[in-house]
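Trainee: Before I ask anything, here is the structure I am working with.
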Amino acid sequence: MSPCHPQTPADPFATSRRVFFQRSAAGIGAAALSSLLSESRAEQSAQHHEAKARRVIYLFQSGGPAQQDLFDHKPELNRLNGQQLPPSVRGEQRLTGMSANQSSLPLAGSHFGFAQHGESGAWLSDLLPYHREIADDVCFIKSMHTEAINHDPAITMFQTGSQIAGRPSLGAWLSYGLGSENRDLPAFIVLASAGQGGQPLYSRLWGSGFLDSRYQGVRFRSGKDAVLYLSRPSGVTRELRRRQLDTINALNQRQFNKELDPEIESRIAQYEMSYRMQSSVPEATDFSDEPKSTFDLYGEDAGTPGTFAANCLLARRLAERDVRFIQLYHQGWDQHSNLPKGIKGQAAETDQASAALVKDLKQRGLLKDTLVIWGGEFGRTSYSQGVLTKTNYGRDHHPRCFTTWMAGGGIKPGMTWGATDEFGYNVAENGVHVHDFNATILHLLGIDHERLTFKYQGRRFRLTDVHGHVLDDILA
């Protein structure tokens with residue numbers, strides 16, 4: 001089987017292969033048949049070249065962080081504060097329905113100071129004091145752009161490579177192509193900050209789409225039970241649960257032999273994973289063995305389950321246990337109004353822990369093969385949504401340019417890639433599309449984005465659809 005196009009149980013060819021074995025291999029016992037079939041699964045590595053990263057921690061900032069107030073220093077924007085956005089700068093770009101009918105589009109300079117940090121001289125806002133400490137470990141990409149102008153299609157685009165729901169997520173593609181390095185934990189785990197308002201998060205963002213369901217992300221929640229319905233009820237011993245599971249698996253195997261439905265095999269595998277997770281999940285989520293210095297590094301919130309800080313610490317623990325893809329979501333970056341107050345709170349919740357994660361991975365020797373990503377679904381406008389005052393402004397959605405950063409896992413540290421114009425409104429050099437971004441992530445994990453495909457409804461799909469280029473200039 002070609003590693004360029006790994007088959008899954010949902011592939012018609014894989015099913016026909018099962019039919020052939022079942023009907024013609026009369027001398028092969030059920031156990032041997034099951035072994036042969038399991039060896040043909042997609043967890044055979046689809047790596048096409050040497051990988052620089054073994055795992056990914058993706059810190060997704062849902063809502064669209066304002067790049068002009070965090071990373072993209074624009075003194076000219078401050079100088080022109082209150083003046084109208086020149087029509088020549090906007091061009092034919094569309095606006096959202098929230099600001100398209102404004103009588104004016106006044107430019108809004110940032111209320112926050114900027115300074116250069118580290119040997120790299122990276123510009124950072126006063127809102128990010130802890131980011132200063134990792135300025136030389138990070139590659140800032142200031143020329144990101146996308147087509148989607150509203151949250152749902154924009155988030156879906158970043159997570160699945162399409163604005164239309166239904167495609168496999170990035171983590172599912174990696175789980176499908178590379179499999180897991182820890183048989184006792186899922187290859188793809190999702191952590192979302194608890195109690196955050198903002199745009200809703202849908203489970204399809206970490207779904208498997210048309211891939212086998214075993215590749216979807218498993219969400220860990222805060223509280224006593226990280227995974228719903230995983231704990232054994234009172235009075236149920238591990239031995240009893242094992243006997244129950246063996247009986248259920250036997251029934252599922254009989255059903256599979258009759259129907260040849262690959263999802264039945266996936267169900268068996270998921271039952272077995274759940275059984276192993278009854279021990280592995282409590283161990284991974286128990287912070288009692290972490291020293292005080294760890295909580296000092298991540299911040300006092302790290303001791304409160306469900307906070308962004310606690311999830312960053314848990315992400316490090318999962319990375320230590322070789323979980324392939326760890327996706328964090330933090331909502332609330334959608335400041336259409338009252339931005340100075342709102343973004344200050346968001347930065348305070350995320351700055352220290354984001355930087356701590358990079359530093360912690362580095363001191364443990366894990367950053368070299370762990371790719372850390374920080375960013376949202378789009379940026380914010382350089383003009384004010386609503387009334388601009390001396391003390392207040394808001395920013396609307398802006399897909400034309402925004403900032404993300406990457407660190408570790410084969411990324412060149414201490415550099416800035418791409419630039420925006422003096423208004424912070426358009427890409428001025430080295431534009432990076434979402435597909436370029438995802439192609440680079442796959443490349444760092446040893447995958448050629450054009451070759452990791454899955455045939456569905458008559459065509460071969462891939463994460464980067466029909467285009468995308470690896471950002472060779474930011475690779476170490």
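The values are calculated or read from the model by the stated rules, or taken from the named source; none is laboratory data. As the structure is a computational prediction, the values presented were derived from the model and not from experiment. Because the Cβ atoms are built from the backbone with ideal geometry, glycine has one as well, and the counts that use them run over all protein chains shown.
Trainee: Out of the residues in the stretch 303-322 that are of a type in the set (Lys, Arg) and part of a helix (DSSP H, G or I), state the one that is surrounded by the most Cβ atoms within 10 Å (Cβ to Cβ).
Mentor: Kept after step one, since they are of a type in the set (Lys, Arg), are these residues of the stretch 303-322: 316-317, 321.
Going one step further and asking which of them are part of a helix (DSSP H, G or I), we end up with 316-317.
Values: Arg316: 22, Arg317: 18.
Per the criteria, the residue is Arg316.
Trainee: Right, another one. Consider Asp152 against the criteria (1) surrounded by fewer than 18 Cβ atoms within 10 Å (Cβ to Cβ); (2) modelled with pLDDT under 95: it satisfies all of them except one. Which criterion is unmet?
Mentor: Going through the list (1) surrounded by fewer than 18 Cβ atoms within 10 Å (Cβ to Cβ); (2) modelled with pLDDT under 95, Asp152 breaks only (2).
Trainee: Of everything in the stretch 219-249, what is more than 34 Å from the chain's Cα centre (by Cα) and either at positive phi or in a strand (DSSP E or B) (or both)? Give them in sequence order.
Mentor: Matches in the stretch 219-249: Gly235 only.
Residue-wise test of (1) within 26 Å of Ser231 (Cβ to Cβ); (2) not in a helix (DSSP H, G or I).
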site: Pro282; (1), (2): yes, no
site: Ser293; (1), (2): no, no
site: Asp334; (1), (2): no, yes
site: Ile343; (1), (2): no, no
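Trainee: Name the residues in the stretch 433-448 that are over 22 Å from Val323 (Cβ atoms) and out of contact with any Gly (no Cβ under 6 Å at 6 or more places or on another chain), would you? First the steps, then the outcome.
Mentor: Of the residues in the stretch 433-448, the ones over 22 Å from Val323 (Cβ atoms) are 433-436, 439, 448.
Matches in the stretch 433-448: His433, Val434, Asp448.
Trainee: Also, I was wondering about something else. Can you name every residue in the stretch 167-183 that is surrounded by fewer than 24 Cβ atoms within 10 Å (Cβ to Cβ) and modelled with pLDDT of 95 or more? Break it down into steps so the answer makes sense when it comes.
Mentor: Of the residues in the stretch 167-183, the ones surrounded by fewer than 24 Cβ atoms within 10 Å (Cβ to Cβ) are 179-183.
Residues satisfying the conditions do not exist here.
Trainee: Moving on to the next point. What's the number of the condition Gln159 fails, among (1) buried (at least 20 other Cβ atoms within 10 Å of the Cβ); (2) in a loop (DSSP other than H, G, I, E, B); (3) not acidic (Asp, Glu)?
Mentor: (2)
Here's the yes/no breakdown for (1) of a type in the set (S, T, N, Q); (2) modelled with pLDDT under 95:
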| site | (1), (2) |
| --- | --- |
| Thr247 | yes, yes |
| Gln270 | yes, yes |
| Met273 | no, yes |
| Ser280 | yes, yes |
| Thr307 | yes, no |
| Arg316 | no, no |
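Trainee: Let me ask something else. Could you list, in sequence order, all residues of the stretch 112-129 that are in contact (Cβ under 8 Å) with a residue 24 or more places away in the chain, part of a loop (DSSP other than H, G, I, E, B) and either in contact with a Lys or Arg (Cβ under 9 Å, 6 or more places away or on another chain) or loosely packed, with under 15 Cβ neighbours inside 10 Å (or both)? Show your work before the answer.
Mentor: Filtering the stretch 112-129 down to residues in contact (Cβ under 8 Å) with a residue 24 or more places away in the chain leaves 112, 114, 118-120, 122-125, 127-129.
Pick out the ones that are also part of a loop (DSSP other than H, G, I, E, B) and you get 112, 118-120, 127-129.
Once the filter is applied, which keeps residues that are in contact (Cβ under 8 Å) with a residue 24 or more places away in the chain, part of a loop (DSSP other than H, G, I, E, B) and either in contact with a Lys or Arg (Cβ under 9 Å, 6 or more places away or on another chain) or loosely packed, with under 15 Cβ neighbours inside 10 Å (or both), the stretch 112-129 yields Phe112, Gly118, Glu119, Leu127.
Trainee: Still on this structure, I have one more. With the requirement that a residue be closer than 13 Å to Gln278 by Cα and either aliphatic (A, V, I, L, M) or surrounded by 13 or more Cβ atoms within 10 Å (Cβ to Cβ) (or both), what does the stretch 229-244 give you? Working first, answer last.
Mentor: Going residue by residue through the stretch 229-244, those that are closer than 13 Å to Gln278 by Cα are 229-233, 236-239, 241-242.
Residues satisfying the conditions are Leu230, Ser231, Val236, Arg241.
Trainee: Output the residues belonging to the stretch 176-206 that are in a loop (DSSP other than H, G, I, E, B), within 23 Å of Leu230 (Cα to Cα) and not aliphatic (A, V, I, L, M).
Mentor: Kept after step one, since they are in a loop (DSSP other than H, G, I, E, B), are these residues of the stretch 176-206: 179-187, 193-202.
Pick out the ones that are also within 23 Å of Leu230 (Cα to Cα) and you get 179-187, 193-195, 201-202.
Those that are in a loop (DSSP other than H, G, I, E, B), within 23 Å of Leu230 (Cα to Cα) and not aliphatic (A, V, I, L, M): Gly179, Ser180, Glu181, Asn182, Arg183, Asp184, Pro186, Ser193, Gly195, Tyr202.
Trainee: Please go through the stretch 455-476 and pick out each residue that is within 13 Å of Val434 (Cβ to Cβ) and among the charged types (D, E, K, R).
Mentor: The answer is Asp465, and nothing else.
Trainee: Taking the criterion of being closer than 30 Å to Asp369 by Cβ, out of contact with any strand residue (DSSP E or B) (no Cβ under 6 Å at 6 or more places or on another chain), without any contact (Cβ under 8 Å) to a residue 24 or more places away in the chain and surrounded by fewer than 16 Cβ atoms within 10 Å (Cβ to Cβ), would at least one residue in the stretch 211-225 satisfy it?
Mentor: No, the conditions are met nowhere in the stretch 211-225.
Trainee: Any residue at all in the stretch 412-434 that is within 19 Å of Ala172 (Cβ to Cβ), modelled with pLDDT of 95 or more and either of a type in the set (Asp, Glu) or surrounded by 24 or more Cβ atoms within 10 Å (Cβ to Cβ) (or both)?
Mentor: Start the filter on the stretch 412-434 by keeping residues that are within 19 Å of Ala172 (Cβ to Cβ), which leaves 434.
Next, from what is left, pick out any that are modelled with pLDDT of 95 or more: 434.
Still in the running and either of a type in the set (Asp, Glu) or surrounded by 24 or more Cβ atoms within 10 Å (Cβ to Cβ) (or both): 434.
Within the stretch 412-434 (the criterion being within 19 Å of Ala172 (Cβ to Cβ), modelled with pLDDT of 95 or more and either of a type in the set (Asp, Glu) or surrounded by 24 or more Cβ atoms within 10 Å (Cβ to Cβ) (or both)), the answer is yes, since at least one residue qualifies.
Trainee: Return the only residue of Thr440, Thr464, Thr403, Thr453 being of a type in the set (S, T, N, Q), farther than 30 Å from Gln93 by Cα and under 21 Å from the mean Cα position of the chain (by Cα). Before the answer, list the steps.
Mentor: Details: Thr440 fails: farther than 30 Å from Gln93 by Cα; Thr464 fails: farther than 30 Å from Gln93 by Cα; Thr403 fails: farther than 30 Å from Gln93 by Cα.
Exactly one residue qualifies, and that residue is Thr453.
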